[in-house]
Every structure is written in structure tokens, then in C-alpha cells.
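Student: Before anything else, here's the structure in question.
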Amino acid sequence: MPKVALITGGSRGIGAATARLAAERGYAVCFSYRHDEYAAEQVLQDVRALGGEALAVRADVCSEADVLRLFKHCGDAFGPPHALVNNAGILEAQTTVENMTADRLQRVFNINVIGSFLCAREAVRRMSTLSGGAGGAIVNVSSRAACLGSPNEYVDYAASKGAIDTLTIGLAKEVGGAGIRVNAVRPGVIHTDIHASGGEPDRVERIKSAIPMQRGGHAEEVARAILWLLSDEASYTTGSFIDVSGGR
Ligand code: NAP
């Protein structure tokens, strides 16, 4: 039986690259998406072309009912997950803190933070060796923004990723004795659609000269770090972070 990886936000960007690489490495892949059915179908086709098994579930991570349904579909199709990648995340139009509305803050924290907590909770319930599970690994997709603060762009997003870093440290300590490792990657500036939702599709081009490696990263480069943290190669690594950021 293949190991099972559940990836949130697997239809595009870093999540899609992670879904493809997980399938290549032999995982059965269940991934969620929010709206983009066409992109989800493309990822399914890519995984199947690799000879892998995949399931896409339309499920909003900030809806508890959707998260429960996501884990149920995953369990019904493949069995409980051995790996969770808490990847789904958003940012909103670039602005300053003094112009942020409560609605915006709620959207960003609901998806980036509460969504990750809900998925982590469901994963722990299924993975914990203390309640009959087989153990597992969780990778949270944070951001270098958690350390840099993203001034004049999206301090709310950066703060939500700071919360993800704290979730990673605290949960790793809680479940270290239950056969579950919890780690995070902190990507820097990666070529994906997320920058367009901030209102600047070419953000990578603007910033790249300030990156020590003088270029943006690719989703596949982040996926490789995620897959390493999920793998047995990382068997004594928990509560840790890999910055995939070209030195920024
Ligand atoms: P992206 O290209 O915008 O893709 C986002 C993915 O998340 C899509 O599959 C989207 O689904 C899904 N999604 C969004 N909201 C969701 C929700 N509420 N429920 C379920 N799925 C949802 O983003 P990305 O750049 O790959 O970012 C992935 C993660 O990496 C995020 O957590 C982001 O904060 C983090 N990150 C990205 C960068 C970067 O430079 N790109 C840097 C640091 C950290 P649909 O296709 O249906 O919309």
C-alpha cells in the first residue's frame, strides 16, 4: 500500500508542485482546492500520467465542515494520511497596516492560520500512535515573510505566517511522543500566481536584485524541501524550519 499524502491547496503553485513530486515519490495524493477546478484537473492528469493515484477535493480550509469532508474523502479513497502538507494560503492587495479592514484580517487569518490548525488537528487525530495511528509527518508552509514582516505590502500575511511558525514549534513538542514530526518550510519569493493576488504579478522581477541568489525560486524547489521533511531521511527532525529563499 502506498503512503498517503494530503496536501491543501494542491491545484496551483507550490501545492501543485508538491502533489506531483509526492506522486513521483510513490505517495497516493489527496489534495484540496478552493475554486480552480480546471487547474485541479490538470494536476490530477499529471499525477496519473506519472502512474500515480490522486484525488482532488473541493474544500475550503477555513470551513470546519469542508476540512472534515476532505479528510473523510481521503480516508475513504486511500486510508488515513501519513503526511499532511498545510500549504493553502492567501495574501491580499498590498497596503499598509493603517489601511487594513477587519474583514481582510479575518480572511487572511481564517485561511492561513485557522485552516492550518483545523487540518493539523484532523491529521493528529488520525496519525497519533497514542490513539492507534501509524504516526506521520506534517509540513507547514510558512514564509520568510514571518521573519521579514512584509512592510508596506502585507504585514497581516507575514503575521499569519508567524503564527504558523509558532504552531510548528508547539505542535512538534505536543506530538513528538505520538510518532508525529512537525516541520515547516519558509519559502522566499517564488514564481507562482500568489503575487497577482497582491496586485503585482511581476513582484518577483522587481525584488530579484535584492535576493542574494539574484532570482526568484521555483515551486519545485520548495516541493523538494517539503518532500525531504516528510521522508524518513528527516527521521530525527522535528520543530524545524527550512528557508527556501535564495538567501533572502
Ligand atoms: P497560489 O499559486 O496562489 O496557490 C494557492 C493554492 O491554495 C491554490 O491551489 C488555491 O486553490 C489554494 N487555496 C487558496 N485558498 C484556499 C482555501 N481557503 N482552501 C483551500 N485551498 C485554498 O499560492 P502559492 O504561491 O503556491 O502559495 C502556497 C503557499 O506558499 C501559501 O501558504 C503561501 O503563503 C506560501 N508562500 C508562497 C510564496 C510565494 O512567493 N509564492 C512565498 C512564501 C510562502 P484554487 O486554485 O482553487 O484557488
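Student: Hey, if you put +1 on the Cβ of every Lys and Arg and -1 on every Asp and Glu Cβ in the range 76-138, which of ASN86, PHE109, MET127 ends up farthest toward the positive end of that dipole?
Tutor: MET127
Student: Now for a separate question. Which three extents, in whole angstrom, do the alpha-carbon atoms of the range 105-149 cover along their principal axes, largest first?
Tutor: The Cα atoms of the range 105-149 stretch 40, 21, 10 Å along the principal axes, largest first.
Student: Starting at the first residue of the range 236-242, write each ³J(HN,Hα) from the Karplus equation 6.51 cos²θ - 1.76 cosθ + 1.60 with θ = phi - 60°, in whole Hz, x for Gly and Pro.
Tutor: 10, 10, 8, x, 10, 10, 10
Student: Grab the Cα-Cα distance for SER240 and THR96, subtract it from 0.36 nm times how many residues apart they are, and report the gain in nm with one decimal.
Tutor: Gain on stretching SER240 to THR96: 48.8 nm.
Student: Can I ask one more? Testing the spin-label approximation: label points 7 Å from Cα along Cα→Cβ at SER131 and PHE117. State their distance in nm.
Tutor: 1.7
Student: For TRP228 paired with GLU200, estimate the spin-label separation in nm (one decimal), with each label point 7 Å from Cα along the Cα-to-Cβ line.
Tutor: According to this spin-label approximation, the distance is 2.9 nm.
Student: Then there's this: Mind sorting LYS173, LYS161 by how few other Cβ atoms lie within 10 Å of their own Cβ, fewest first? Each step should come with its number before you reach the end.
Tutor: On the way: LYS173 12, LYS161 29.
Least to most surrounded, the residues fall as LYS173, LYS161.
Student: I've got another one for you. Sum up the charges of everything whose Cβ sits under 12 Å from the Cβ of ASP232, counting Lys and Arg as +1 and Asp and Glu as -1, but leave ASP232 out.
Tutor: Details: positive: LYS3, ARG25, ARG181; negative: GLU233.
Once positives and negatives cancel, what remains is +2.
Student: How high is the FRET efficiency between ALA178 and ALA77 when r is their beta carbon distance and R₀ equals 22 Å, given to the nearest 0.05? Can you show the working numbers first?
Tutor: Values: r = 24 Å, r/R0 = 1.11.
The formula returns an efficiency of 0.35 here.
Student: Sticking with this structure for a sec: For the chain, go through all pairs of different Cα atoms, get the mean of 1/r, take its inverse, and jot down that Kirkwood value in Å. Intermediate results must be reported in sequence, preceding the final value.
Tutor: Numbers: mean 1/r = 0.0559 Å⁻¹.
Answer for the chain: a Kirkwood hydrodynamic radius of 17.9 Å.
Student: Here's another thing I want to ask about it. Where a Cα-Cα gap under 27 Å defines reach, which lysines qualify for LYS208, not counting those fewer than 8 residues away within the same chain?
Tutor: The qualifying lysines are LYS161.
Student: Separate question: Consider a paramagnetic label point 7 Å from the Cα of ILE169 along Cα→Cβ; state which residues of the range 108-133 have an amide N under 18 Å from it.
Tutor: 113, 117
Student: Okay, next question. If you rank LEU227, LEU50 by fewest surrounding Cβ atoms within 10 Å, what's the result?
Tutor: Numbers: LEU227 22, LEU50 13.
Ascending number of Cβ neighbours within 10 Å: LEU50, LEU227.
Student: While we're here: Highest GNM mean-square fluctuation, the chain, Cα pairs closer than 10 Å: which of THR192, THR96, THR18?
Tutor: THR96
Values quoted throughout were computed directly from the atomic coordinates according to the rules given, and no laboratory measurement underlies them. Everything numeric in this text was worked out from a predicted model, so none of it was measured. With ideal geometry, Cβ positions are generated from the backbone for all residues, glycine too; neighbour counts draw on all protein chains shown.
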